[in-house]
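Asks: One structure, pasted below without further comment.
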Amino acid sequence: ILDNVGYTSERILNATIQEPSCGDGAFLKRIVTLFIQEAKKSKLSEKQIKQKIEKQIIAFEIDTEEYHKCINNLNELVANDFKFKAAIDWNIINGDSLELYKDYIGCFDFIVGNPPYIRIHNLDKKTREIIKNDFQFAEGTIDIYITFFELGFRCLKPTGKLSYITPNSYLHNSSYEKFREFIKLKKGLVSLTDFKANKIFKGFSTYTAISTFDFSSKSKYFSYSEFDDNKIYAVNK
């Protein structure tokens, strides 16, 4: 996913990145690792690296236990793998990104992640009201992940890129027709990997896809691939 958005070169040293639902930090550990590796190649000091990480890498996590796990995992990463002496004041917010994203409209070069998969009828009343009132793609029997696409799009810079792994239900379920029409109109989808009926996450029955968006591309076409026999294959369609 980070390769898909181009979070792989010295450009990331001046780029902002957000993860809207970071869990215990699986994505963030890789993001921070890539960032520090590039920073060291550019001969940045530990102080400079610390300041950039605190300013440019931002995440949200609503679950307090997962939030603390994430902080601990990141602290262990920089201390053990990179031997940092100074503690990093991580810009990770223990709160609901469905509300807090409004402070970050148009702020990010990259947005990545694995948004939560929860059917709308299993959400609390407050969250259902937020989704109903603030998100245009939330019609019918939807899953909360679709709202994370929308908040992500709002937080991107005009040339920003977003890539998520989510259920692939938006590709075919009638509840997501409005989202599909948006994609068709805005021409922002640049690549799609559909895992079809393969179950990627152990213990979960969800069928998933990786979707990458760049609304500055304005392309009529996107690359499409499928997963089979533990490999990703490009498909001409």
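The values are calculated or read from the model by the stated rules, or taken from the named source; none is laboratory data. Note that the structure is a prediction, hence the values are computed from the model and not measured. Glycine gets a Cβ as well: all are built from the backbone with ideal geometry, and neighbour counts include every protein chain shown. In case anyone asks, the SASA skips ligands and DNA or RNA and just uses the protein heavy atoms, side chains included. Shrake-Rupley method; radii C 1.70, N 1.55, O 1.52, S 1.80 Å.
Asks: Under the 0.36 nm per residue contour assumption, what length would be gained going from the current alpha-carbon distance of Lys83 and Asn14 to full extension?
Replies: Full extension from Lys83 to Asn14 adds 22.6 nm.
Asks: Could you pull the Rg and Dmax for the chain, using just the Cα atoms, both in Å?
Replies: Spelled out, the Cα radius of gyration and Dmax of the chain are 18.0, 53 Å.
Asks: If you don't mind, there's one more thing I want to ask. Around Ala209, which amide H atoms from residues at least 5 apart in sequence, or from another chain, sit under 5 Å from its own amide H, with H modelled in the peptide plane?
Replies: Under 5 Å from the amide H of Ala209: Thr166, Asn168, Phe195.
Asks: Which one, Thr166, Ala87, Thr212, is farthest towards the positive end of the dipole of the chain when Lys and Arg carry +1 and Asp and Glu -1 on their Cβ?
Replies: The residue sitting farthest along the positive end of the dipole is Thr212.
Asks: Here's a follow-up. Enter the angle in degrees (range 0 to 90, nearest 10) between the Cα long axis of helix 145-155 and the first principal axis of the Cα atoms of the chain, meaning the one along which they spread out most.
Replies: 60
Asks: For segment 1-122, calculate the relative contact order in percent as a whole number, restricting contacts to Cα pairs under 8 Å that are 6 or more residues apart. Present the calculation step by step, with values, prior to reporting the outcome.
Replies: On the way: 147 pairs, mean separation 48.6, N = 122.
So the answer I get is 40 percent.
Asks: What's the extension gain from Ser174 to Leu2 if we count 0.36 nm per residue and subtract their Cα-Cα distance?
Replies: Numbers: separation 172, 0.36 × 172 = 61.92 nm, distance 2.98 nm.
My answer for the length gained is 58.9 nm.
Asks: Summarise the accessible area of the chain (1.4 Å probe, protein heavy atoms) by the percent that is carbon and sulfur.
Replies: 48
Asks: How tilted is helix 26-41 with respect to the longest principal axis of the chain? Cα atoms for both, answer in degrees (0 to 90, nearest 10).
Replies: 50
Asks: About its Cα centre, what dipole magnitude does segment 70-192 give when the only charges are +1 on Lys and Arg Cβ and -1 on Asp and Glu Cβ, stated in debye to the nearest 20? Can you show the working numbers first?
Replies: Working: 16 positive and 15 negative charges, 73 e Å.
My answer is approximately 340 debye.
Asks: Volume per residue, Å³, of the convex hull around the alpha-carbon atoms of segment 41-158? Please report the intermediate quantities before stating the final value.
Replies: Values: hull volume 14.4 nm³, N = 118.
That works out to 122 Å³ per residue.
Asks: Within the chain, what's the longest run with no chymotrypsin sites (Phe, Trp or Tyr not before Pro) in a DSSP loop and at most 12 other beta-carbon atoms within 10 Å? Give the range, please.
Replies: With chymotrypsin sites (Phe, Trp or Tyr not before Pro) excluded where exposed in loops, the chain gives 1-200 as its longest stretch.
Asks: I need the calculated FRET efficiency for the pair Gln136 and Asp228, taking r as the beta carbon distance and R₀ as 25 Å, to the nearest 0.05.
Replies: 0.15
Asks: So, with +1 on the Cβ of K and R and -1 on the Cβ of D and E, and no other charges, what is the size of the charge dipole of the chain about its Cα centre, to the nearest 20 debye?
Replies: In debye, rounded to 20, the chain gives about 720.
Asks: Turning to a different aspect of this structure: Could you state the angle between the C-alpha long axis of helix 177-186 and the longest principal axis of the C-alpha atoms of the chain, as a value from 0 to 90 degrees rounded to the nearest 10?
Replies: 60
Asks: With runs of 4+ DSSP H residues as the only contributors, calculate the mean residue ellipticity of the chain at 222 nm using -39,500 (n - 2.57) per run, divided by the residue total and rounded to the nearest 500.
Replies: -10500 deg cm²/dmol
Asks: Of the beta bridges DSSP finds with both residues in the chain, what % are antiparallel, to the nearest 5?
Replies: Details: 16 of 33 bridges.
For the chain, the DSSP antiparallel bridge percentage is about 50.
Asks: Taking only the alpha-carbon atoms of segment 111-237, what semi-axes of the equivalent ellipsoid follow from 5 times the gyration tensor eigenvalues under a square root, in whole Å, largest first?
Replies: They are 23, 20, 12 Å, listed from largest to smallest.
Asks: Taking 0.36 nm per residue of separation and subtracting the Cα-Cα distance, what length does fully extending Phe182 through Thr64 add?
Replies: 39.1 nm
Asks: If the viscosity is 0.890 mPa s and the temperature 25 °C, what Stokes-Einstein diffusion coefficient in µm²/s follows for segment 1-62 when Rh is the Kirkwood radius over Cα pairs? Intermediate values should be presented prior to the final figure.
Replies: Numbers: Rh = 11.9 Å.
Here the translational diffusion coefficient equals 205 µm²/s.
Asks: OK, next. How high is the relative contact order of the chain, in percent, counting Cα pairs under 8 Å that sit 6 or more residues apart?
Replies: On the way: 405 pairs, mean separation 42.6, N = 237.
Over the chain, the number comes to 18 percent.
Asks: How big is the charge dipole of segment 135-229 about its Cα centre, in debye rounded to the nearest 20, if each Lys and Arg gets +1 on its Cβ and each Asp and Glu gets -1 on its Cβ? Show your work: numbers first, answer last.
Replies: Numbers: 13 positive and 10 negative charges, 82 e Å.
Around 400 debye, computed over segment 135-229.
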